[in-house]
Amino acid sequence: MKYYDKLIFELSRKGRKGWSLPESGWEDTPDNLPAALCRSAAPRLPEVSEPDVVRHYVNLSGMNFGVDTGFYPLGSCTMKYNPRINEETAAHPGFSSLHPLQPAGTVQGALRIYAELSGYLCSLTGMSAFTLNPFAGAHGELTGLMVMRQYHLGRGDTGRTRVIVPDSAHGTNPASAAVCGLEVVEVKSTAGGLIDMDALLPLLDDTVAGIMMTNPNTLGLFESGIHRIAEAVHAAGGLLYYDGANMNALLGKVRPGDMGFDIMHLNLHKTFSTPHGGGGPGAGPVGVSPALAHLLPGPAVRREEDGSYGIACSPDSAGRISGFMGNFGVLMKAYTYILMLGKENVRKVGPYSVLSANYVKESLKDLYRLPVPSLCKHEFVFDGLGDRSTGVTTLDVAKRLLDYGFHAPTIYFPLLFHQSIMIEPTETESRETLDAFIGAMRKIAEEASTDPETLRTAPHSTPVRRPDETLAATHPVLKYDFGE
Ligand SMILES: *Cc1c(COP(=O)(O)O)cnc(C)c1O
């Protein structure tokens, strides 16, 4: 019997409790609380003992799959190991107990870290200034596009309302452009998976605000024509936005600023080892070239004449995008990661992640269809199983991987192929882990012909098997139901 077989939710027993508080000495309803704000009846909550609660949540956590429990090759997400030292520094009370409204004079250390982290990100990317305020990659995209729009408007160039986005782009790119009030124009990829210059050039006119690109792109391919693209976009008066979600492939080796990009975001929860907190806090710092630095949102850290750190907002800013200065705890973790790696080791991240990806790709391409067979960067995409005669789909392969103890790769993205399986192994996995994954993928390819039914009904070993994903998304059950 697995632990989750006995996991039950109906634990409540009338009068049972796991807490006690001393008498407050106040009347039940103190005079100083307006009656309208007081409850007429106690809230209905489950009544459980402390061990009930502890076991319930510990067992629930055991049903989860995380990067601490196993290999997590989710493409485009860079699920690398989250070093524990990051947690230690971020949790230091000197940082974790700060209040955002404290006077700058009392938070000099935190402001210095903000400034130093911005500086490290500038040197790693070739940008000239960073704001660390955005809370996610997509939030960074919106921030960057606001800067782009403001740049054109500030020059009186009001007709630039269109943003070019490749057909291989992550869904957040067109979504952010739309949220920013810009019109999205798609540009096609060639059969080789790169931006088609012949399709791009005719789109470049004086209505174009800029182009959003991911490099390496979502197929894990380096856009080798980037210098020509940058030249053409700039000649047409547009700017280049770099979606930095794939920066892990290039870290320490190649800089977006040197490729000609003007604006970019980084996902600290991808490249810089901070946790993907189950939808929880992330950080999407935005960097810009020198000509755009004054447009970044505030508040920002400023070095005062006496050498101390202050907080300021640029009068030209494209607008505020966060209440204060970002998810400081997340920034602390990324700062720690960069310092722990140091200048020498940070250069190894990209090459090792590329090596891992090519190793897995080459070890599986005889059994899985590889639509673009070139050398990849940190990730690559298969178009399902090579043998189509069994009817086994990418979904079946992904579900079966769970039985073998691996998180599934990204599936059905990018949309360029019908059976996409996008695999990103990252540099923090050992050769043994990669070999075990390759072994499971090869076993699944074999099962597809010998025992397809087992694949179609997989997974067989997890607490939840094939939930109705549409129902889960459209009618999520987010709170406990007493059944009344
Ligand atoms: C993850 C990702 C994003 C969005 O980043 P979030 O931090 O999840 O908002 C954008 N583009 C690409 C290519 C990504 O992989």
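Each value in this text was obtained by applying a stated rule to the coordinates, not by laboratory testing. Computed from a predicted model, the values in this text were never measured in an experiment. Every residue, glycine among them, receives a Cβ derived from its backbone with ideal geometry; neighbour counts consider all protein chains shown.
Return the long-range amide H neighbours of LEU385 (sequence gap of 5 or more, or a different chain), with a cut-off of under 5 Å between placed amide H atoms.
Residues meeting the amide H criterion: ARG369.
Mind listing which trypsin sites (Lys or Arg not before Pro) in the stretch 111-169 are in a DSSP loop and have 15 or fewer other Cβ atoms within 10 Å? All intermediate terms of the calculation are to be shown ahead of the outcome.
Working: sites: ARG112, ARG149, ARG155, ARG160, ARG162; in loops: ARG155, ARG160.
Hits after loop and neighbour filter: ARG155.
For the chain, calculate the relative contact order in percent as a whole number, restricting contacts to Cα pairs under 8 Å that are 6 or more residues apart.
Answer for the chain is 18 percent.
In whole Hz, what ³J(HN,Hα) sequence does the stretch 298-308 give by Karplus (6.51, -1.76, 1.60; θ = phi - 60°), x for Gly and Pro?
With the stated coefficients, the stretch 298-308 comes to x, x, 10, 8, 10, 8, 7, 4, 7, x, 7 Hz.
Taking the simple approach of a point 7 Å from Cα along Cα-to-Cβ for both LYS348 and HIS460, what is their distance in nm?
Label at LYS348, label at HIS460, 4.1 nm between them.
Roughly speaking, what is the stretch gain from VAL53 to TYR480, that is 0.36 nm per residue apart minus the C-alpha to C-alpha distance, in nm to one decimal? Intermediate results must be reported in sequence, preceding the final value.
Values: separation 427, 0.36 × 427 = 153.72 nm, distance 1.41 nm.
Roughly 152.3 nm would be gained on extension.
Taking amide hydrogens as modeled 1.01 Å from N in the peptide plane, which residues meet the under 5 Å criterion relative to LEU74, leaving out close sequence neighbours?
Amide H to amide H, under 5 Å and 5 or more residues apart or across chains, LEU74 pairs with MET79, GLU424.
Looking at the chain, do any whole DSSP H helices span at least 27 angstrom along their long axis by alpha carbon and average -0.5 or above on Kyte-Doolittle, and which?
On the way: long enough: 328-364 (41 Å, 0.26); 431-450 (28 Å, -0.24).
The answer, listed by residue number, is 328-364, 431-450.
What shape does the stretch 287-415 take by its C-alpha gyration tensor, where a ≥ b ≥ c are the square roots of the eigenvalues and a/c under 1.5 counts as rounded, a/b above b/c as prolate, and the rest as oblate? Walk me through the intermediate numbers first.
Numbers: a/c = 2.87, a/b = 2.39, b/c = 1.20.
Because a/c hits 1.5 or more and a/b exceeds b/c, the stretch 287-415 counts as prolate.
Multiply the residue gap between LEU21 and SER61 by 0.36 nm, knock off their C-alpha separation, and tell me the result in nm, one decimal place. All intermediate terms of the calculation are to be shown ahead of the outcome.
Values: separation 40, 0.36 × 40 = 14.40 nm, distance 2.84 nm.
Length gained between LEU21 and SER61: 11.6 nm.
Going by amide H atoms built from the backbone, whose H comes under 5 Å of the H on GLU186, apart from near neighbours?
The list, which skips near neighbours in sequence, is VAL165.
In the structure shown, do any of LYS80/LYS343; LYS443/LYS479; LYS343/LYS443; LYS377/LYS399; LYS17/LYS80 have a Cα-Cα gap over 31 Å, and if so which? The partial results should precede the final answer.
On the way: LYS80/LYS343 19 Å; LYS443/LYS479 40 Å; LYS343/LYS443 41 Å; LYS377/LYS399 26 Å; LYS17/LYS80 40 Å.
Going by Cα-Cα distance, LYS443/LYS479; LYS343/LYS443; LYS17/LYS80 fall outside the 31 Å limit.
Taking a ≥ b ≥ c as the square roots of the eigenvalues of the Cα gyration tensor of the chain, is the shape rounded (a/c under 1.5), prolate (a/b larger than b/c) or oblate? All intermediate terms of the calculation are to be shown ahead of the outcome.
Details: a/c = 1.77, a/b = 1.08, b/c = 1.64.
Oblate.
Order these by the 10 Å Cβ neighbour count, fewest first: LYS80, LYS361, LYS14.
Values: LYS80 24, LYS361 21, LYS14 5.
In increasing order of surrounding Cβ atoms, one gets LYS14, LYS361, LYS80.
Between ALA209, TYR309, VAL67, whose Cα lies farthest towards the positive end of the dipole of the chain when Lys and Arg beta carbons carry +1 and Asp and Glu beta carbons carry -1, centred on the Cα centre?
VAL67
Would you mind working out the magnitude of the charge dipole of the chain relative to its Cα centre, with +1 at each Lys and Arg C-beta and -1 at each Asp and Glu C-beta, to the nearest 20 Debye? Could you put the intermediate results ahead of the total?
Numbers: 42 positive and 52 negative charges, 93 e Å.
Here the chain has a charge dipole of around 440 debye.
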